[in-house]
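Asks: Sharing a structure below in structure tokens format, with a few things to ask.
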Amino acid sequence: MNQEMIVVLDFGSQYNQLITRRIREFGVYSELHPHTIRAEEIRALNAKGIIFSGGPNSVYDEQAFTCDPAIFELGLPILGICYGMQLMAHHLGGKVEKASHREYGKALIQVKHDSLLFHGLPDEQVVWMSHGDLVTAPPDGFVVDATSPSCPIAAMSDERRKWYGVQFHPEVRHSVYGNDLLKKFVFDVCGCRGDWTMENFIDEQVRRIREQVGEKRVLCALSGGVDSSVAAVLVHRAIGDQLTCIFVDHGLLRKGEAESVMKTFREQFQMNVIKVDAKDRFLAKLKGVTDPEQKRKIIGNEFIYVFDDEAAKLEGIEFLVQGTLYTDIIESGTATAQTIKSHHNVGGLPEDMKFELIEPLNTLFKDEVRALGTQLGIPDEIVWRQPFPGPGLGIRVLGEVTEEKLEIVRESDAILREEVKKAGLDRDIWQYFTVLPDIRSVGVMGDARTYDYTVAIRAVTSIDGMTADWARIPWDVLERISTRIVNEVPHVNRVVYDITSKPPATIEWE
């Protein structure tokens with residue numbers, strides 16, 4: 001498939017994924033690559049254009065990120081953003097200097113030259129700046145497109161070579177016409193068509209999976225989460241009954257979750273799903289364990305053992321499906337970005353399982369996976385399922401995990417989800433759930449003294465889970481939730497609401 005692409009080079013900006021996402025929103029495929037990528041690799045990708053991201057360095061730093069000089073000989077359109085513009089200027093013979101003061105926040109630019117990037121846009125624009133250096137003299141062939149009170153060269157262009165630079169961040173929403181500017185680069189400068197759609201993505205992935213697998217058999221660990229569900233349905237569309245899914249019910253799922261998974265995948269999609277009831281096995285391993293890290297390790301390891309046992313019963317399996325996302329690939333390490341964490345789909349599968357991986361989602365962001373799931377006909381309750389920790393309710397029961405405590409969390413969480421949905425808040429709140437702290441408190445119910453559990457409600461708003469704020473749920477909704485939990489869930493006499501942001505707290509309690 002001759003897929004047009006915009007390549008984004010990562011120079012360490014906190015916004016680099018945002019650039020890639022913005023381009024994809026236009027219907028043009030885009031990938032983020034380390035700044036160390038070679039020119040011949042970019043040529044092999046059939047890129048229509050290149051964007052240099054921003055970054056924290058100065059071009060004069062000893063360890064400053066740079067790029068392969070041969071990139072400038074590819075004859076491709078280039079847009080440099082912030083540090084990317086400074087790098088272009090520095091490399092091409094312009095002058096970059098330290099600013100008299102660092103500029104961070106909104107700024108007003110004046111458009112001085114009607115280049116393709118600014119054609120048809122207002123002469124005055126609010127943009128988002130974040131820089132300590134600036135270009136003070138453009139390279140030969142460049143003209144100044146825009147200025148600001150603090151930045152004499154806020155944008156520059158060499159339209160003959162289709163090279164552009166902006167000192168501000170068009171990918172950030174605070175840059176009012178930033179999206180328009182990026183569109184002009186992608187369509188007017190690079191000449192992209194904008195025909196990257198989920199329908200096309202499905203067709204291409206189905207073709208690739210069939211090509212990779214042939215007539216062989218494939219295994220998938222199905223958790224019921226968004227990623228594994230979408231990956232499984234996509235692979236099933238490609239190869240049908242050659243796919244076998246293993247669904248491990250470890251007893252740590254939310255209310256009705258196991259039943260929902262089986263109904264959706266076995267009945268609706270007619271998939272071959274093996275359900276393993278391992279509740280007793282997991283509870284026995286967790287007996288007496290209170291340390292959260294130990295609980296996580298036990299649950300993760302036990303999942304591996306159960307999955308391994310079931311996989312060993314199947315013959316002729318050569319491939320394993322994993323729901324790895326593009327963010328997992330990026331976070332696990334471009335040469336520029338700090339490695340945030342190692343990713344273990346479905347709790348981390350055995351390294352010695354000699355399967356070839358199928359990762360059909362590894363070029364998609366989370367919101368794109370949801371869009372793909374909808375396109376594949378997966379029900380909303382799975383597509384829009386909230387982030388759920390691998391250890392499940394095992395880390396939402398603080399202290400020792402018992403069946404009684406799990407039931408309290410399951411029932412209270414179901415009430416919370418029901419009331420939040422009823423109030424029309426389920427798409428506004430990023431994540432919401434109940435937690436059972438390992439404490440009891442005194443209460444009065446039916447004129448009698450009680451000494452029962454406290455349930456905590458955790459609800460946060462967030463973009464990506466890296467930072468989060470506690471959700472301002474209306475008091476009347478919270479009151480209904482509290483009243484129902486105390487009245488309908490046995491052994492609970494108190495409900496509290498967690499109003500801590502992240503940081504300092506994490507979203508999960510354990």
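The values are calculated or read from the model by the stated rules, or taken from the named source; none is laboratory data. The shown structure was predicted, so the numbers you read here are calculated from the model rather than taken from an experiment. All Cβ positions, even for glycine, are placed from backbone atoms using ideal geometry, and neighbour counts span all protein chains on display.
Asks: Is it the case that residue 388 is closer than 26 Å to residue 283 by Cα and modelled with pLDDT of 95 or more?
Replies: Judged against the criteria, residue 388 is not a match.
Asks: State whether the residues of region 457-475 include one that is more than 30 Å from residue 284 (Cβ to Cβ), assigned to a helix (DSSP H, G or I) and outside the structural domain of residue 290 (by TED's automatic domain parsing).
Replies: Yes, some residue in region 457-475 is more than 30 Å from residue 284 (Cβ to Cβ), assigned to a helix (DSSP H, G or I) and outside the structural domain of residue 290 (by TED's automatic domain parsing).
Asks: So in region 172-201, with the set limited to residues that are in a loop (DSSP other than H, G, I, E, B) and out of contact with any strand residue (DSSP E or B) (no Cβ under 7 Å at 6 or more places or on another chain), which one is nearest to residue 370 (Cα to Cα)?
Replies: 197
Asks: Which of the residues spanning region 427-440 are under 24 Å from the mean Cα position of the chain (by Cα) and surrounded by fewer than 16 Cβ atoms within 10 Å (Cβ to Cβ)?
Replies: 427, 428
Asks: Has region 49-61 got any residue that is buried (at least 20 other Cβ atoms within 10 Å of the Cβ), of a type outside the set (Asp, Glu) and farther than 30 Å from residue 176 by Cα?
Replies: No, every residue in region 49-61 fails to be buried (at least 20 other Cβ atoms within 10 Å of the Cβ), of a type outside the set (Asp, Glu) and farther than 30 Å from residue 176 by Cα.
Asks: Among all residue pairs at least 6 apart or on different chains, which show Cβ distances below 7 Å where the first residue, located in region 354-380, is closer than 28 Å to residue 315 by Cβ and the second is surrounded by fewer than 16 Cβ atoms within 10 Å (Cβ to Cβ)?
Replies: These pairs meet every condition: 355/318; 356/318.
Asks: Out of all the residues in region 412-425, which are of a type outside the set (Gly, Ala, Ser) and either within 16 Å of residue 479 (Cβ to Cβ) or surrounded by 16 or more Cβ atoms within 10 Å (Cβ to Cβ) (or both)? So that I can check it myself, show each step before the final result.
Replies: Within region 412-425, the first condition is being of a type outside the set (Gly, Ala, Ser), and the residues that meet it are 413, 415-422, 425.
Result: 413, 415, 416, 417, 418, 419, 420, 422, 425.
Asks: If residue 42 meets every condition in (1) surrounded by fewer than 20 Cβ atoms within 10 Å (Cβ to Cβ); (2) touching a residue at least 12 places away in the same chain (Cβ under 8 Å) apart from one, which number is that one?
Replies: All conditions pass for residue 42, except number (1).
Asks: Still on this structure: So if I check each of 255, 263, which one is assigned to a helix (DSSP H, G or I), out of contact with any His (no Cβ under 8 Å at 6 or more places or on another chain) and assigned by TED's automatic domain parsing to the domain that holds residue 226?
Replies: 263
Residues are listed down the side, and each one gets a yes or a no for (1) closer than 25 Å to residue 422 by Cβ; (2) aliphatic (A, V, I, L, M):
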| position | (1), (2) |
| --- | --- |
| 448 | no, yes |
| 471 | yes, yes |
| 474 | yes, no |
| 480 | yes, no |
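Asks: For region 346-385, give me the residue count where each residue is at pLDDT below 90, part of a loop (DSSP other than H, G, I, E, B), surrounded by 16 or more Cβ atoms within 10 Å (Cβ to Cβ) and of a type in the set (A, V, I, L, M, F, W, C).
Replies: Of the residues in region 346-385, 3 are at pLDDT below 90, part of a loop (DSSP other than H, G, I, E, B), surrounded by 16 or more Cβ atoms within 10 Å (Cβ to Cβ) and of a type in the set (A, V, I, L, M, F, W, C).
Asks: Another question, then. Looking only at region 427-450, how many residues end up being closer than 24 Å to residue 510 by Cβ and either outside any strand (DSSP E or B) or of a type outside the set (A, V, I, L, M) (or both)?
Replies: Final tally of qualifying residues: 11.
Asks: When you go through (1) at pLDDT below 95; (2) buried (at least 16 other Cβ atoms within 10 Å of the Cβ); (3) more than 20 Å from residue 92 (Cα to Cα) one by one for residue 197, which number turns out not to apply?
Replies: Against the list (1) at pLDDT below 95; (2) buried (at least 16 other Cβ atoms within 10 Å of the Cβ); (3) more than 20 Å from residue 92 (Cα to Cα), residue 197 comes up short only on (2).
Asks: Of everything in region 311-326, what is out of contact with any helix residue (DSSP H, G or I) (no Cβ under 7 Å at 6 or more places or on another chain), surrounded by 14 or more Cβ atoms within 10 Å (Cβ to Cβ) and at pLDDT below 90? Give them in sequence order.
Replies: 311, 326
Asks: Aliphatic (A, V, I, L, M), under 21 Å from residue 393 (Cα atoms) and free of Cβ contacts under 8 Å to residues at least 24 places away in the same chain, is that true of residue 439?
Replies: When the stated conditions are applied, residue 439 passes them.
Asks: Only one of these is closer than 30 Å to residue 401 by Cβ, in contact with an Asp or Glu (Cβ under 9 Å, 6 or more places away or on another chain) and at pLDDT below 95: 226, 261. Name it.
Replies: 261
Asks: I would also like to ask the following. So which residues in region 297-311 are free of Cβ contacts under 8 Å to residues at least 60 places away in the same chain and acidic (Asp, Glu), if there are any at all?
Replies: Of everything in region 297-311, those that are free of Cβ contacts under 8 Å to residues at least 60 places away in the same chain and acidic (Asp, Glu) turn out to be 302, 308, 309.
Asks: Out of the residues in region 467-485 meeting the condition of being free of Cβ contacts under 8 Å to residues at least 24 places away in the same chain and hydrophobic (A, V, I, L, M, F, W, C), tell me which one is farthest from residue 396 (Cα to Cα).
Replies: Looking at residues that are free of Cβ contacts under 8 Å to residues at least 24 places away in the same chain and hydrophobic (A, V, I, L, M, F, W, C), I get 475.
Asks: Please tell me if residue 210 is basic (Lys, Arg), over 30 Å from residue 155 (Cβ atoms) and in contact with a Lys or Arg (Cβ under 7 Å, 6 or more places away or on another chain).
Replies: Working: basic (Lys, Arg): yes; over 30 Å from residue 155 (Cβ atoms): yes; in contact with a Lys or Arg (Cβ under 7 Å, 6 or more places away or on another chain): no.
No: the conditions fail for residue 210.
Asks: I'd like to verify a number: residues in region 89-111 that are outside any strand (DSSP E or B) and surrounded by 16 or more Cβ atoms within 10 Å (Cβ to Cβ), how many?
Replies: Taking region 89-111 first, the residues outside any strand (DSSP E or B) are 89-94.
Remaining after also requiring surrounded by 16 or more Cβ atoms within 10 Å (Cβ to Cβ): 89-92, 94.
Qualifying residue count, region 89-111: 5.
Asks: Name every residue in region 229-258 that is without any contact (Cβ under 8 Å) to a residue 24 or more places away in the chain and either within 30 Å of residue 404 (Cβ to Cβ) or in contact with a Cys (Cβ under 9 Å, 6 or more places away or on another chain) (or both), in order of residue number.
Replies: none
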